[in-house]
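No lab work stands behind these numbers, since they all come straight from the coordinates. From a predicted model like this one, the values you see are computed outputs, not experimental measurements. Counting neighbours? That spans all protein chains shown, and the Cβs are built from the backbone with ideal geometry, glycine included.
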Amino acid sequence: MQKTIHVRVPGTSANCGAGFDTLGLACTIYNDLTLTLTDRPGVQISIEGEGADFIPKDERNIVWKSVRYLLDKAGDTTFKGGILRMENHVPLSRGLGSSAAAIVAGLKAANTIIGNSYNRHELLELATAIEGHPDNVAPAVFGGFTVSLMNKERVECYAFMPKNNMKYVVAVPNFPLPTRKARAVLPQQVSREDAIFNIGRASMLVACLCRGNERMLPYALDDRLHQPYRASLIPGMEDVFAAAKKAGAYGACLSGAGPCLLAFTPNDDDLAHRVGESMRVTFANHCVRSRVLVLDLDRRGAHIINHE
Ligand code: HSE
């Protein structure tokens, strides 16, 4: 007895400036997973693309652990082993939600094979339990732009499609930055002034996206709660933000915990590529090699490609 499913999950960018641990968006870069569940024990994993040389290919693999987590939660006793084929495009440990994509891929694939025991909100709850916070897993599950929060143990989330048509330009530095390290530099306390600064900007960002108005975006992407502290880990960060704006971006911010930097630009391919090039060159001036991704908003979130 065996069943196979192919799922696709988008990469994500959490925080979006001031919305620390709360806001997120899904973008058009994807990890694919083909999962075969069998009634025989054992796991076989093959990986192409990002992380192929580093990601564990045994029981420690996070996709497989997520598959097992869901099967155990659902009380499934049919499936004991699996064959996983992954094709990864989301860069690893760069702030584009690679671990969220892995977790959501495993959960979505296993859930589909057992007949959708869980709805999407329940998948979000399960993914958050594994990841520890919802800001990347929410857009990976739902697509679009997400506002999510923890209310005691429960995850609350709204996903919506911004009215603005924009490009999302990402400069991907050639070094990884573990989220743990990027959180270790953050202060335990922040001033009331900085808290107010962020509340205003995070709220303004959501308002801009709901209204389809870009006028306030140059301010709405600023932050005082995490980016200033993380700047020391990402050489040239502030200069790259300034270069992106000078080249025509509405604004720019750290993608998740970094080190990727994300610029919101008008929906114009040439302009978006010029913004990307200016980000790359500015990073290079700070001795950081990077590559550029010009992405759109992903509107679907995790989805099935085919059943076998
Ligand atoms: N909100 C997280 C952080 C992003 O900035 O540390 C990683 O999920």
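Brief remarks on what is shown
- Considering only alpha-carbon pairs that sit under 8 angstrom and 6 or more positions apart, the relative contact order computed for the chain is 25 percent.
- Extension reserve of the Ile304-Arg60 stretch, reckoned as 0.36 nm per residue once the Cα distance is removed: 85.4 nm
- Amide H partners (placed H, <5 Å) of Leu186, local residues excluded: none
- Backbone phi angles across region 70-82, fed through the Karplus curve with coefficients 6.51, -1.76 and 1.60 (θ = phi - 60°), yield HN-Hα couplings of 5, 4, 5, 4, 7, x, 6, 10, 6, 9, 10, x, x Hz in residue order; Gly and Pro are listed as x.
- The GluC sites (Glu not before Pro) found in region 114-172 that occupy coil by DSSP, while having at most 13 further C-beta atoms within 10 Å, are Glu153.
- Additional length obtainable on full extension of the chain from Ile199 to Cys287, 0.36 nm per residue less Cα span: 28.3 nm
- Assigned charges on the beta-carbon of Lys, Arg, Asp, Glu; the chain dipole about Cα centre (debye): 180
- Between region 92-163 and region 237-264, the alpha-carbon center distance in angstrom: 25
- Lysine pairs within region 37-190, Cα separation less than 20 Å, 8 or more sequence positions apart or different chains: 8
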